[in-house]
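Quick notes on the structure that follows.
The values are calculated or read from the model by the stated rules, or taken from the named source; none is laboratory data. Note that the coordinates shown come from a computational prediction; the quantities given were computed from them, not determined experimentally. So basically every Cβ, Gly included, is an ideal-geometry build from the backbone, and we count neighbours across all protein chains shown. What goes into the accessible areas is simple: the full protein's heavy atoms, side chains included, and nothing from ligands, DNA or RNA. Shrake-Rupley method; radii C 1.70, N 1.55, O 1.52, S 1.80 Å.
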Amino acid sequence: MAQINKEATPEQLLYANILEKGMLAGLGLMFITFALYVFGIMKPVVPLNEIASYWNMPVHDYLVAINTNFLHGETLPTGWTWLKLINRGDFLNFIPIVILSGVTILCYLAVIPGLFARKDTAMGAIAVLTALILTLAASGILATGAH
């Protein structure tokens, strides 16, 4: 029976360090952006005193309602169109969410060179494919569902 190595590889440590820093940055920014929103420092699209009336709506109905009542846009704010609304408190909160969900991609990209350098081709290929699929999914190119 092969002996199991109980020590973390350099790639595992690098991944964990980047993940920790990204998580702390995203969490810290989440507190800041939420405070900007809740304390009214940045004006939201949907006023705080009206937001609770939208909580029971399905996502599509919510988007139609805020577009009709507040945004008056030609299309619904779906996908990455929230970036156009980044100057509004309720949409500013998306930035830390993007950081928290995107840090995994950075982790994979960071460990790829080390995997190939130590000739771990299979894991390197898996890391490349994983980073590619996550990036494509985040971009909206691999969108699925009834959007």
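Of all trypsin sites (Lys or Arg not before Pro) in the range 67-147, which ones are in loop regions per DSSP and have a Cβ with at most 16 other Cβ atoms within 10 Å?
R118, K119
Hey, which lysines would be in cross-link range of K119, C-alpha to C-alpha under 26 Å, not counting anything within fewer than 8 residues on its own chain?
Within the straight-line limit of under 26 Å, K119 reaches these lysines: K6.
Taking all protein chains together and a probe of 1.4 Å, list E74, E50 from the most accessible to the least accessible. Don't skip to the answer; put the middle values down first.
Details: E74 190, E50 70 Å².
Largest accessible area first, the residues go E74, E50.
Scanning the chain for chymotrypsin sites (Phe, Trp or Tyr not before Pro) in DSSP loops with at most 13 other Cβ atoms within 10 Å, what's the longest stretch left with none?
Details: sites that count: F39, W55.
Here the longest segment lacking exposed loop sites spans 56-147.
Of the accessible area of the range 75-132, with the probe set at 1.4 angstrom, what percent is carbon plus sulfur?
After summing per-atom areas, the C and S share lands at 75 percent.
Write down the accessible area per residue of the chain in Å², having rolled a 1.4 Å probe over the full set of protein chains.
Value for the chain: 69 Å² per residue.
What figure in square angstrom, to the nearest 10, would you give for the accessible area of S101 with a 1.4 Å probe?
80
With semi-axes √(5λ) of the Cα gyration tensor in Å as the read-out, I listed (i) 21, 19, 17; (ii) 39, 19, 12; (iii) 23, 19, 16; which label goes with the value calculated from this structure?
(ii)
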